[in-house]
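Here is the structure we will look at, set down as structure tokens.
The values are calculated or read from the model by the stated rules, or taken from the named source; none is laboratory data. If you're wondering where the values come from, they're calculated on a predicted model, not measured in any experiment. Don't worry about glycine lacking a Cβ; one is built from the backbone with ideal geometry, like all the others, and counts go over all protein chains shown. Ligands, DNA and RNA are stripped out before the accessible areas are found, and what is left, the full protein with its side chains, is counted by its heavy atoms. Shrake-Rupley method; radii C 1.70, N 1.55, O 1.52, S 1.80 Å.
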Amino acid sequence: VNGCISACTCVLVQVMSLKNKKIAYAIIKHLQSQLDKNAVEEDDRESLEVSIQCLSAAYGVDLSDEAQKQQLGVEKTLEELFSDDSAPQETEKAEALKLEGNEHLKCSRFQEAVDCYTRAVSLLPDCSTYYCNRAAAYIKLNDFQRAMEDCQKAIELNPLYARAHGRLGYVFSTLKRYKESQVCFKKALELEPDNPNYKANLQSVETALVAESEAAKQKEEPQQQQQPQGGPNLGGLNIGNFLNNPTFMSMAGSMMQSPAFQNLATRMMSSGGSG
């Protein structure tokens, strides 16, 4: 029994040792390929060469040994082993979800469209189209805050995405943030100068800006003209101006001292009475 255990242990150690040597062989081969392709800076070459020497000595690996090449070599390189094979599949799934979301959007199933675009985003979070499409669905749901955030994310990922700028402009105009909307539509037109929708929307926003400016001016103007200092304004005749005029006051004083004016004043006062 003891002999069997000893034999099994020996075989296990050999298997583990072979596996480790294969791993070391693949790593050393990868590091050597980096040197051969000049993929590292000149200052780092020496460090990489030392690493190869240390690993080769530790695991007894020699890349120039044909027998080891047959025994330890693997079909794929480390780069191929660590490449993301799932990327094409995820892209296909995400695109399928986008198309499904587009169909829901056409049929006015807006929440279903949001759900599809959200799943597409989870698969490919760096695709600006999915955010912009989801913004369209949010707009239909009157969720303008989320629509704005998705448009901004799409622009962050792709600053030259005209549709995202235009859609963000629409969101801002709906929120009556006309200046920001104007900036967005101008950018969209800069990217697509012949787009009639962007031209019409920009004109509409600029008209709203003019109306907003006029309304602000009217609010600033007082409802009634303030009375000038020095006296009331009667029918456009400013009494204060006359009272502050020395010539007029001199003439008024002379008239009031005249006998004719005093007789007229006396008759007017004597003819008054209670009604």
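Top to bottom by accessible area (1.4 Å), largest first, where do 143, 194, 36 land? Let's see the in-between values first.
On the way: 143 40, 194 130, 36 110 Å².
Accessible-area ranking of 143, 194, 36, largest first: 194, 36, 143.
Can you work out the FRET efficiency for the pair residue 216 and residue 118, with r the C-beta to C-beta distance and R0 = 45 Å, to the nearest 0.05? Each step should come with its number before you reach the end.
On the way: r = 41 Å, r/R0 = 0.90.
Efficiency, from the Cβ-Cβ distance: 0.65.
Just check segment 82-163 against the gyration tensor rule for me: Cα atoms, a ≥ b ≥ c as the square roots of the eigenvalues, rounded for a/c under 1.5, and otherwise prolate or oblate depending on whether a/b exceeds b/c.
Note, shape of segment 82-163 comes out oblate.
Counting other Cβ atoms within 10 Å of each Cβ, which trypsin sites (Lys or Arg not before Pro) in segment 113-222 have at most 13 and sit in a DSSP loop? Kindly include the intermediate steps, with their values, before the conclusion.
Working: sites: 119, 134, 140, 146, 153, 163, 167, 176, 177, 179, 186, 187, 199, 217, 219; in loops: 176, 177.
Those that pass, being in a loop and sparsely packed, are 176.
Using 7 Å Cα-to-Cβ label points, what is the residue 92/residue 68 separation (nm, one decimal)?
4.1 nm
Computing the accessible area with a 1.4 Å probe over protein heavy atoms, can you report the carbon and sulfur percentage for segment 67-213? Walk me through the numbers before you get to the answer.
Working: 4360 of 8780 Å².
Carbon with sulfur: 50 percent of the solvent-accessible area.
Please give every one of the lysines within straight-line cross-link reach of residue 106, meaning a C-alpha to C-alpha distance under 18 Å, and leave out same-chain neighbours fewer than 8 residues apart.
98, 140
Assign one of three labels to segment 110-229, namely rounded, prolate or oblate, based on the Cα gyration tensor with a ≥ b ≥ c the square roots of its eigenvalues; rounded applies when a/c is under 1.5, prolate when it is not and a/b is larger than b/c, and oblate otherwise. Write out the running numbers ahead of the final one.
On the way: a/c = 3.44, a/b = 2.24, b/c = 1.53.
Prolate is the answer for segment 110-229, as a/c is 1.5 or above and a/b outweighs b/c.
Would you mind calculating the relative contact order of segment 146-218 from Cα pairs under 8 angstrom and at least 6 residues apart, reporting the percent as a whole number?
Details: 69 pairs, mean separation 18.4, N = 73.
Averaging sequence separation for qualifying contacts and normalising by length gives 25 percent for segment 146-218.
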